[in-house]
Amino acid sequence: MVAPITIQSVLLSFQMLTGVVFDIREFAVHDGPGLRVTVFLKGCPLRCSWCHNPEGQSPEPQVLRGSAGARLAGVSFTSQELADRLNSLAALLRVGEGGVTFSGGEPLAQADFVAEVIDQLDHLHVLLDTSGYADESSFRKVAAKSQLVYFDLKLIDSVAHEAHTGVDNQPILRNLRVLNELGVPFVIRVPLIPGVTDTEANLSAIARTVAGMPGLQRIDLLPYNQAAGAKYAACGMVFQPTFDESDKSNINLSCFKSVGLKVRVV
């Protein structure tokens, strides 16, 4: 049944926030528990030299040009339009014990929009997949509305973090502490970048940082994907890794297990 159009509903539509999404992946099985829809939001303040979604960096829609032709990366939705699309799949997602994952880019770059979408979801499980880089207010706003957070933790050393991602990691470490205070369950995800994040010193520092946090479910280690640079030309960008792509990732579980942490390779 179609809801009647009223003055109130029209005014509400004008007040709703608009966000920019560069992909919606339906029936995903690797972006959280169960069957999920993953929403990839445009815009990211980080410039990780290994970024595998360069089309998510700019907050603006852009045309990607490749061998298969041109396609637009970035479509505007009102919060209600996006929530309606996600709610249309709610029954299937519940049967599959899944929900909705907000990823990017960096979803917290559009924190107000994401929060407004979540408020309109039909009792769906929400997972926030974030770098943790945001002001504390934005982080709290979205993390508190989520049932699970995937929190990327790349480098503990602040100098190395800025050299490889372009930003200071202090907001990230602060928001990690905030997440622990909120009591929302979370998973720490570590991309294993050869010679950068996969060193014994960095992995041990990550283990020490998160050990004892009651909301931590496990550590996920993500080996580097050598296909990461394939999209850059289509975006009109140059892939310039700050590491040797030919090196294999150092997969070291012992530093996490030694402090009693559950860890797996994804």
**Table column - 3J(HN,Hα) (Hz), segment 96-108, Karplus curve with 6.51, -1.76, 1.60, x for Gly and Pro** = x, 6, x, x, 10, 10, 9, 10, x, x, 10, x, 6
**Item:** For segment 1-150, average projected area of the Cα convex hull in nm²
**Value:** 10.4 nm²
**Residue-by-residue Karplus 3J(HN,Hα) for segment 65-71, coefficients 6.51, -1.76, 1.60, Hz, glycine and proline x** = 10, x, 5, 8, x, 9, 9
**Request:** Please list the non-local residues whose amide H lies under 5 Å from the amide H of Arg189, H modeled 1.01 Å from N, same-chain partners needing a gap of 5 or more.
**Result:** Phe151, Asp152, Leu153, Asp220
**Prompt:** How many Å³ per residue does the convex hull of the Cα positions in the chain occupy?
**Reply:** 137 Å³
**Item:** Number of Lys pairs (Cα under 22 Å; 8 or more positions apart or on different chains) in the chain
**Value:** 10
**Whole-number D in µm²/s for segment 44-133 (Stokes-Einstein; Kirkwood sum over Cα pairs; 10 °C, 1.306 mPa s)** = 108 µm²/s
**Message:** Would you report the distance distribution of C-alpha pairs in segment 123-212 as whole percents per 5 angstrom bin, up to the bin with the largest distance?
**Reply:** 3, 14, 25, 25, 17, 11, 4, 1, 0
**Asked** Check Gly104: other-chain or 5+ apart residues with amide H under 5 Å from its amide H, H built from backbone geometry?
**Response** Leu41
**Asked** Which whole-Hz couplings ³J(HN,Hα) result when phi for each residue of segment 139-154 is put into the Karplus expression 6.51 cos²θ - 1.76 cosθ + 1.60, θ = phi - 60°, listed in order with x for Gly and Pro?
**Response** 4, 4, 4, 8, 4, 5, 8, 9, 8, 7, 10, 9, 10, 6, 10, 9
**Prompt:** Mind checking the log10 I(q)/I(0) for segment 176-258 at q = 0.15, 0.17, 0.23 Å⁻¹? Debye, one equal scatterer per Cα, no solvent, two decimals.
**Reply:** -0.66, -0.78, -1.05
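Tell me whether segment 196-238 comes out rounded, prolate or oblate; compute the Cα gyration tensor, take square roots of the eigenvalues as a ≥ b ≥ c, and use a/c under 1.5 as the rounded threshold.
In terms of gyration-tensor shape, prolate.
Every number here is computed from the coordinates shown, using simple stated rules; none is lab data. Please read all numbers here as calculations on a predicted model, not as lab measurements.
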